[in-house]
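**Student:** The structure under discussion is supplied below as structure tokens; questions concerning it will follow.
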Amino acid sequence: MIDVLNKGLEGLRVDFCDLRFEELHGTSIVISNEGIEEVAYKDTNGGIVRVLDKGGMAFSSFNSVDSMKNAITSAHKSAKLLSTKSKIDITRFEPIKTKVSTKYEIDPSSVDLEEKVKLCQEYMSILKSEGIQSARVRYLDYKKKKYYVNSEGSEIEMEFTYSGISFVAYAVDGSNVQRAAESIALYRGFEAVSNLHSKVEEVVKRAIDLLSAEQIVGGKYNVIIDPKLTGVFAHEAFGHLSEADHIYGNQKLMETMKIGRKFGVERLNIVDDGNIDGVVGYTPYDDEGIPAQRTYLIKDGILNARLHSRLTSNVMNEPLSGNARAITYEFPPLVRMTNTFVDNGDTPVEELFEKLGNGIYVVDFLGGQTNLEMFTFSAAYGYKVENGKVTKLLRDITLTGNVFETLSNIVAIGNDLKINSTMGGCGKGGQSPLPVGDGGPHILVRDVLIGGKSGQ
């Protein structure tokens, strides 16, 4: 395929051109209380060309190599037309020639469909325990091959083997409805989704336990945030602010996100790293042929860098970071995160709870929203902490605040970094869900505003 794509570049006289082509084969299964809802195969392939000529840039997608030449001609014509309206350029990079593939023990494509369905049914039988009103299991696997060439001479071939599964259970008592869920996805084989029966049992127990959990009283608390919620905070509250295409042209945000500004305690480091093998944010080379970087967005409490595509790197005169990503071949790449996380601190988790004394331990992510530096996150559940010990189970926990104030209110950072890799994904510019990882260690934060029932 690389040779076929290179033929498309032959004789093309432009400032820059790149071609991406993808082949995907996969299986999806959905099972609920009503039985099997979906069993589907996905088999797609196609590509996209980007042409930059005389300051104009255009894209054109194609569904087969037979239509590639027409797409290149179309993109070239459009680029010429656009060059009369605006003048843009991109950062250049040295050519790369490489092949990359993810590891697995059991190739999902070698597993019979009946075995995949049987596994999902086993998990569903656990979810249909007494006390659970409704439940769902969702399974997805695929093998994706990605090919990239450009006029600089790059030739990159990557193969990703993906396996993912999610479970959700709803327990109901009158008007009291409680949800518990778990999701696991990795660039690994069928082994990644097998033998998870104990995790499904935990989901059932948590949903039922939440029915009798105490509703939290609203107020300001000192809290410990678990690695899942830490990861969501790193991604949603800060990661998006670090995407250069969000920042450029927004004068207020440019001033807020000025490199060198102090953003948190000295021991705080927030990282985006596409080179973590196995997790779903693994992006060894982005969709512009740029290798993954370990980008310290915040380093020692200081804003250090941001995420870039070739275009934003050129416009802002900042280094490339390997963060131009597209969800499929049908879309042009945007500036997107890969694996974004708070890096390890030096405090053992047990010591975090000792430091907290009395407060709240907040666990997992249920939902939320951000608006520039403001955030609202709903935790899946939490616990009351008394004298450094976890006591009562709590529910209906909503955290609200300003991301910069929250970063400054970090008291201690744990040393138990975990990268979360799930079936969920990130949405931006009509491209969703893009696989991303997030994570961090446990973190102790003071004066967090938590919504809940009235204390009256």
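**Student:** What's the number of the condition Gly11 fails, among (1) at positive phi; (2) of a type outside the set (S, T, N, Q); (3) crowded, with 17+ Cβ neighbours inside 10 Å?
**Tutor:** (3)
**Student:** What pairs can you find where one residue is in region 41-66 and among the acidic types (Asp, Glu), the other is part of a helix (DSSP H, G or I) and at pLDDT 95 or above, and their Cβ atoms are less than 6 Å apart, with a gap of 6+ or different chains?
**Tutor:** Partner pairs satisfying both residue conditions: Asp53/Ala79.
**Student:** Can you tell me which residue is surrounded by the fewest Cβ atoms within 10 Å (Cβ to Cβ) among those in region 48-63 that are of a type outside the set (S, T, N, Q) and farther than 15 Å from Tyr148 by Cα?
**Tutor:** The selected residue is Lys54.
Rundown of residues vs (1) more than 25 Å from the chain's Cα centre (by Cα); (2) free of Cβ contacts under 8 Å to residues at least 24 places away in the same chain; (3) buried (at least 22 other Cβ atoms within 10 Å of the Cβ), yes/no style:
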| position | (1), (2), (3) |
| --- | --- |
| Leu127 | yes, no, yes |
| Ile132 | yes, no, no |
| Arg136 | no, no, no |
| Tyr139 | no, no, yes |
| Thr161 | no, no, yes |
| Glu202 | no, yes, no |
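**Student:** Next question, about the same structure. Could you pull out the residue among Leu307, Leu311 that is touching a residue at least 12 places away in the same chain (Cβ under 8 Å), of a type in the set (A, V, I, L, M), in contact with a strand residue (DSSP E or B) (Cβ under 6 Å, 6 or more places away or on another chain) and in the same structural domain as Phe233 (by TED's automatic domain parsing)?
**Tutor:** On the way: Leu311 fails: in contact with a strand residue (DSSP E or B) (Cβ under 6 Å, 6 or more places away or on another chain).
The unique qualifying residue is Leu307.
**Student:** Something else about it: Answer with yes or no whether Ala207 is outside the structural domain of Asp396 (by TED's automatic domain parsing), farther than 30 Å from Ser109 by Cα, of a type outside the set (D, E, K, R) and out of contact with any Lys or Arg (no Cβ under 6 Å at 6 or more places or on another chain). So that I can check it myself, show each step before the final result.
**Tutor:** Working: outside the structural domain of Asp396 (by TED's automatic domain parsing): yes; farther than 30 Å from Ser109 by Cα: yes; of a type outside the set (D, E, K, R): yes; out of contact with any Lys or Arg (no Cβ under 6 Å at 6 or more places or on another chain): yes.
The answer is yes for Ala207.
**Student:** Need at least 1 residues that are of a type in the set (Lys, Arg) per element, so show me which strands (runs of 3 or more DSSP E) inside region 325-439 make the cut, counting only ones lying wholly within it.
**Tutor:** Filter on region 325-439 gives 374-386, 389-395, 418-420, 426-428.
**Student:** Could you tell me which of the residues Asn339, Asn317, Asn387 is surrounded by fewer than 16 Cβ atoms within 10 Å (Cβ to Cβ) and under 30 Å from Arg92 (Cα atoms)?
**Tutor:** Working: Asn339 fails: surrounded by fewer than 16 Cβ atoms within 10 Å (Cβ to Cβ); Asn387 fails: under 30 Å from Arg92 (Cα atoms).
Unique residue meeting the criteria: Asn317.
**Student:** Separate question: Restricting attention to region 389-404, and to residues there that are of a type in the set (Val, Ile, Thr) and under 25 Å from the mean Cα position of the chain (by Cα), which single residue is farthest from Gly264 (Cα to Cα)? Talk me through it step by step, then tell me what you get.
**Tutor:** Step one: filter region 389-404 for residues of a type in the set (Val, Ile, Thr), giving 390-391, 397-398, 400, 403.
Pick out the ones that are also under 25 Å from the mean Cα position of the chain (by Cα) and you get 397-398, 400, 403.
Numbers: Ile397: 24, Thr398: 22, Thr400: 18, Val403: 10 Å.
So, considering only residues that are of a type in the set (Val, Ile, Thr) and under 25 Å from the mean Cα position of the chain (by Cα), the one farthest from Gly264 (Cα to Cα) is Ile397.
**Student:** Could you tell me which of the residues Leu444, Leu407, Leu399 is crowded, with 20+ Cβ neighbours inside 10 Å, on the phi < 0 side of the Ramachandran plot and at pLDDT below 95? I'd like the intermediate steps shown before the answer.
**Tutor:** Details: Leu444 fails: at pLDDT below 95; Leu399 fails: at pLDDT below 95.
Leu407 is the lone residue from the list that is crowded, with 20+ Cβ neighbours inside 10 Å, on the phi < 0 side of the Ramachandran plot and at pLDDT below 95.
**Student:** Report yes if Asp277 is among the charged types (D, E, K, R), surrounded by fewer than 16 Cβ atoms within 10 Å (Cβ to Cβ), closer than 30 Å to Leu119 by Cβ and under 21 Å from the mean Cα position of the chain (by Cα), otherwise no.
**Tutor:** Spelling it out, Asp277 is indeed among the charged types (D, E, K, R), surrounded by fewer than 16 Cβ atoms within 10 Å (Cβ to Cβ), closer than 30 Å to Leu119 by Cβ and under 21 Å from the mean Cα position of the chain (by Cα).
The values are calculated or read from the model by the stated rules, or taken from the named source; none is laboratory data. As the structure is a computational prediction, the values presented were derived from the model and not from experiment. With ideal geometry, Cβ positions are generated from the backbone for all residues, glycine too; neighbour counts draw on all protein chains shown.
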